[in-house]
Amino acid sequence: MIGHRLRSRWICRRTIWAVAVAAGAGLSGCKASTVVLTTVEAGSNVPLFTQLTLTLSSAADPSVHVSSSLVSLYPGTYDGGLPPIALPAQFPVSVDPDYLSGAAIVRADGIDNTTGTLLATGSTTAQVVPQKQTDATLTLSPVNPCAAAMGDAGASCDGGAEGGSIDGSTDGAGGG
C-alpha cells in the first residue's frame, strides 16, 4: 500500500507540474498590448469643453485610423450642464498592430458636447510599436483664439489670418 501512495503522489505531482508548464506556455503565447498613452495638455485661452476625441492615423495612409472619445457624463456647474474635461490628463488608446503600426499622427479635439462645436485641437507624431506602449504628448490650442474675448461684451480681437475682429469686419479695407 505504501508503494501505491508514493506512486500516486509522484503521478499527482508530475500532473500538476505538466499542467503548470502547459499553462505557462499558453500564457507566454499571449501578445502584450499595443497602446499609445497620450498626454493632453491645454495651451493658453483654451475654452472649456465636454468631449475629447483622440484619433490615431497612419502617417503613410491617413485612411487607416482609430479613434476614441471621452464624453463628460455627470451634471456639473459649467453653464448648468456637463462639467468640462480637466487637463492635463492621460488617455490610453489600444491599437491592433496588424491594422496600424509605425509612424502615426495623434490628434485630439476638444468639442462642446451640446452644440458639437470644435473648440480646441492639437496633434503630434508618435511611433506605434507592436506589443509596446508608446507615449505621446500634445497641447491643445483654441480653434478660435478670440473665444475668450467673445465672452466679454463689446470685446474685439484683431489679428488672425484675415486681420479682422471677432465681428468679421476688416481693418478699414472694403466699402460699406
### Query
Where Lys and Arg each count +1 and Asp and Glu each count -1, what net charge lies around Ile85 among other residues with Cβ under 13 Å from its Cβ?
-3
## Note on the structure
Using the Kirkwood formula on alpha carbons, the hydrodynamic radius of segment 80-128 in angstrom works out to 13.2 Å
### Summary
Amide H contacts under 5 Å for Val93, restricted to residues at least 5 apart in sequence or on another chain and with H modeled in the peptide plane, are Val36, Leu37, Thr38
### Message
Please list, in order along segment 106-116, the HN-Hα scalar couplings obtained from phi with the Karplus expression 6.51 cos²θ - 1.76 cosθ + 1.60 (θ = phi - 60°), rounded to whole Hz, x for Gly and Pro.
### Response
9, 10, 10, 10, x, 10, 7, 5, 6, 9, x
### Query
Near the amide H of Gly122, under 5 Å away, which other amide H atoms are found, from residues 5 or more places off or on another chain, if H is placed in the peptide plane?
Ala108, Ser141
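FYI, it's all coordinate maths here, none of it is from the lab. Please read these numbers as outputs of a predicted model, since none were measured by experiment. As a convention, Cβ positions derive from the backbone with ideal geometry for all residues, glycine included, and neighbour counts pool all protein chains shown.
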